Amino acid sequence: MNKIYIYNGDFVSLLSLIHYLISNNIRPYNIQNNEYFPNLLEEIILVNLDNNEEVIKKIISIIGREIFKTLYYVFLSADEKKEIIIFYFILNGFKYRKSVIYRRDLKCVCETLKISEYVKHEIHKFKGFLRFKELENKVLYAEIEPINDVLFFLSSHFSKRLKNEYWIIKDVKRGILSIYNKKKFIIINEDDFLISTDKLSNEEEQIQELWKLFYKIIGISARKNDRCRINFMPKRYWKYILEVSDER
């Protein structure tokens, strides 16, 4: 029977489990978070471990901070095999240390680099495609539906770019909010924070109309190229982009 090792769902918990498995010379069939439902041929194994932040320091000292950040990008991905990929990357990292990132002959390294680049690409896209609107209470509010869990990195970006504003970014797909108070941001479950997003400020309604008009006027109908536009701005982003939301 295939053994599935379960962790609590956060990155530190995953690293603590991976460290335990490597230390005990265990090669798991798979690793999944605590929301995983096994099939009849799988055996769930729960290991009671405390989230040990010393494990993080140890791993960083071995593979380096930049490679560690690359693994965090993989963890934030929607890839179903991300945990086992991270396991084998760290396993080989203990052997090859910082040079592990250059071992393109290892499948886990190739997969790690491919997935991390995909996540970083989506973060980059949302930095340009995310649209805030001003609510009645002057709070800036935006909604996104990313494939990967990129809310942390987007929040870090906008906490610097809009550091003098109050803002909220909602990941609709995961039901989580990032709330910024001009000092720092926190990410919480949407059920833990109630806010009305229906009423916009008077200025916002006027700005939206002017922005739509501006976008329409600057377009040159004779040079319209839908294929080119979709290449630069895929349709899955359009739902929350004001100037093209009506074209969906």
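The values are calculated or read from the model by the stated rules, or taken from the named source; none is laboratory data. This structure is a prediction, so every number in the text was calculated from the model and none was measured. In this analysis, Cβ positions are derived from the backbone assuming ideal geometry, glycine residues included, and neighbour counts consider all displayed protein chains.
Is there a residue being in the same structural domain as Phe232 (by TED's automatic domain parsing), in contact (Cβ under 8 Å) with a residue 12 or more places away in the chain, basic (Lys, Arg) and out of contact with any Asp or Glu (no Cβ under 7 Å at 6 or more places or on another chain) anywhere in segment 163-174? Yes, segment 163-174 contains at least one residue that is in the same structural domain as Phe232 (by TED's automatic domain parsing), in contact (Cβ under 8 Å) with a residue 12 or more places away in the chain, basic (Lys, Arg) and out of contact with any Asp or Glu (no Cβ under 7 Å at 6 or more places or on another chain). Out of Ile63, Ile85, Ile90, Ile144, one residue alone is at negative phi, in the same structural domain as Ile188 (by TED's automatic domain parsing) and either crowded, with 18+ Cβ neighbours inside 10 Å or not hydrophobic (A, V, I, L, M, F, W, C) (or both). It is Ile144.
On the stretch given as segment 157-175, residues that are crowded, with 19+ Cβ neighbours inside 10 Å and out of contact with any Phe, Trp or Tyr (no Cβ under 6 Å at 6 or more places or on another chain) total 4.
Residues considered: Asn137, Asn148, Asn164. Of these, the only one that is assigned to a loop (DSSP other than H, G, I, E, B), of a type outside the set (Lys, Arg) and under 29 Å from Ile67 (Cα atoms) is Asn148.
Going through (1) without any contact (Cβ under 8 Å) to a residue 40 or more places away in the chain; (2) not assigned by TED's automatic domain parsing to the domain that holds Tyr240 one by one, Leu113 falls short only on (1).
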